[in-house]
Amino acid sequence: MKRLVLLLVLSHTSLPASATVSSFDDIRLWSGAGAYRAALAIDWDGASIADEALVWGFRWNGVATGEDLLRSAISADPRLYAKLAGIGANGAAVIGLGYDLNADGQFAISDQTLFDAHGLAMTAPSDGATSLPGDLYSEGWEDGYWHYGVRSAAGAWQSSQVGASSRVLSDGQWHGFAFALTNNYDEFAMNLLAAEPPSLAGDFNHDQLVDVADYTVWRDAVGMPDGLTPADYDVWVANFGTGGTALSTPEPATIVCALLGIAAVATNRNRHRSARRSAASSDSPRLVTSL
C-alpha cells in the first residue's frame, strides 16, 4: 500500500541512474498480461532537452486504451501517482502525475489530495499543487498541462489529438506524457530511462525473485561492514519464493531442501579441492638437498 503524508514544496530532482530505454527489451517494470505490448513514458519537464523520462511496459489482449495503460502502470509501481479528473463523455483527463523519487515510501501534494491504495485520485481540474521535497510532481489545467504523445517503434512522436480514455492502444506503440507550459504541442518525453521494479524484501541480489541465490548473498555478506545482518536471514526465510513467477509462499520443507542443496554443493566443492591438492602433492617432484 502507498503511504501518504501531508505537505508541500516543489523539488524537481534528477532521476536516479537506470538503464537507458531504446526498445521494449530495455523496459524493466511491466504490468498486465497478454500478447500485445505498449510502453508508457512520463517526462516531468517537457520543455527541457536535458532531463529524463521514466518508462513502464504494459501487456494486454483485446482492446485497451491509454487510460488503461496509465492506470495499470500506477497500480504496478508503488512510487507512481496520478490525479485524474472526469471530463464528461471524454473520460478522464490527466491533471497531475507524481513519483516518489527518493523512495522513502511517502508521497503527498500541497493541496492535500488523498490518493487511494493504488496511487490514484479523482478530482476536479486544478493547478499549482506541489510535492514533498525530493519527489516529482507536476500538475496543470489552465497554467500548464500534460501533453499526450504517441509514436510507433521507429517513428517520431506526434500529438495524440485525443485523450487517453479515447486513445485505443496498438501493439508495439509508445505513449508519452510530457508536462508543458505552452500550447505549442511539441513537448514530448525524451531521454528515456527504465522505471525500476519495486524492491522485494529478501531479494538481496535484486533480480526480482527471492530464492536460493539470495541466501548465498546473505551468507557471504552477513557480519561484514555495511553488510547484511542475522535478522536479514529471517526476512529471506519469510519471503522465500516471492517474485518472478513464484507467487505462493513455500513450505518450510522447501527452504530446508534449498539449504541442504547449498550445503551439498559446498561440501562437494571442498572435497574436490582437497582431492586436487592431494593429487598435486603426490605428483609433484620431490626437492632433494645435498648435505
Among the candidates GLY34, GLY46, GLY57, residue that is in a loop (DSSP other than H, G, I, E, B), small (Gly, Ala, Ser) and over 20 Å from GLY134 (Cα atoms)
GLY34
Among the residues of region 197-215, which ones are in a helix (DSSP H, G or I) and either touching an Asp or Glu at 6+ places or on another chain (Cβ under 9 Å) or without any contact (Cβ under 8 Å) to a residue 24 or more places away in the chain (or both)?
ALA213, ASP214
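Select from region 36-51 the residues that are surrounded by fewer than 22 Cβ atoms within 10 Å (Cβ to Cβ) and within 21 Å of the chain's Cα centre (by Cα) and write down the one among them that is farthest from MET190 (Cα to Cα). Spell out the reasoning first.
Of region 36-51, the ones surrounded by fewer than 22 Cβ atoms within 10 Å (Cβ to Cβ) are 36-37, 45, 47-51.
Next, from what is left, pick out any that are within 21 Å of the chain's Cα centre (by Cα): 36-37, 45, 51.
Numbers: TYR36: 24, ARG37: 20, ASP45: 9, ASP51: 8 Å.
Selected residue: TYR36.
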Which of the residues that make up region 140-151 are over 16 Å from PHE58 (Cβ atoms) and of a type in the set (Ser, Thr, Tyr)?
TYR145
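Hey, does region 137-147 have a residue that's in contact with an Asp or Glu (Cβ under 6 Å, 6 or more places away or on another chain), over 25 Å from SER23 (Cα atoms), assigned to a strand (DSSP E or B) and at pLDDT 95 or above?
Let us first name the residues in region 137-147 that are in contact with an Asp or Glu (Cβ under 6 Å, 6 or more places away or on another chain), namely 140-143, 147.
Adding the requirement that they be over 25 Å from SER23 (Cα atoms) leaves 140-143.
Filter once more, so that each one left must be assigned to a strand (DSSP E or B): none.
No, region 137-147 contains no residue that is in contact with an Asp or Glu (Cβ under 6 Å, 6 or more places away or on another chain), over 25 Å from SER23 (Cα atoms), assigned to a strand (DSSP E or B) and at pLDDT 95 or above.
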Among the residues of region 148-163, which ones are in contact with a Lys or Arg (Cβ under 9 Å, 6 or more places away or on another chain) and either aliphatic (A, V, I, L, M) or more than 18 Å from ASP186 (Cα to Cα) (or both)?
VAL150
Given (1) part of a loop (DSSP other than H, G, I, E, B); (2) at pLDDT below 90, identify the lone condition not met by TRP218.
(1)
So, in region 134-163, of the ones that are touching a Leu at 6+ places or on another chain (Cβ under 8 Å) and buried (at least 23 other Cβ atoms within 10 Å of the Cβ), which residue ends up nearest to LEU40 (Cα to Cα)?
TRP146
Considering residues of region 59-70 that are of a type outside the set (Phe, Trp, Tyr) and surrounded by fewer than 22 Cβ atoms within 10 Å (Cβ to Cβ) only, the residue nearest to PHE177 (Cα to Cα)
GLU67
Could you tell me whether any residue of region 67-82 is in contact with a strand residue (DSSP E or B) (Cβ under 7 Å, 6 or more places away or on another chain) and either over 22 Å from ALA41 (Cα atoms) or free of Cβ contacts under 8 Å to residues at least 40 places away in the same chain (or both)?
yes
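What number of residues within region 174-195 satisfy the criterion of being in contact with a Ser or Thr (Cβ under 6 Å, 6 or more places away or on another chain) and more than 26 Å from GLU142 (Cα to Cα)?
In the first step, residues of region 174-195 are kept if they are in contact with a Ser or Thr (Cβ under 6 Å, 6 or more places away or on another chain); the result is 179, 185, 193-194.
Next, only the ones that are more than 26 Å from GLU142 (Cα to Cα) stay: 193-194.
Going through region 174-195 one residue at a time, the tally reaches 2.
Is it true that ALA64 is in contact with a helix residue (DSSP H, G or I) (Cβ under 9 Å, 6 or more places away or on another chain) and modelled with pLDDT under 95?
Details: in contact with a helix residue (DSSP H, G or I) (Cβ under 9 Å, 6 or more places away or on another chain): yes; modelled with pLDDT under 95: no.
No; evaluated as a whole, the condition is false for this residue.
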Counting only residues that are within 24 Å of ALA195 (Cβ to Cβ) and β-branched (Val, Ile, Thr), which one in region 83-122 is surrounded by the fewest Cβ atoms within 10 Å (Cβ to Cβ)?
THR113
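The values are calculated or read from the model by the stated rules, or taken from the named source; none is laboratory data. Just so you know, these numbers come straight off a predicted model, no measurement behind them. Neighbour counts are summed over all protein chains in view; Cβ atoms, including those assigned to glycine, are modelled from backbone coordinates with ideal geometry.
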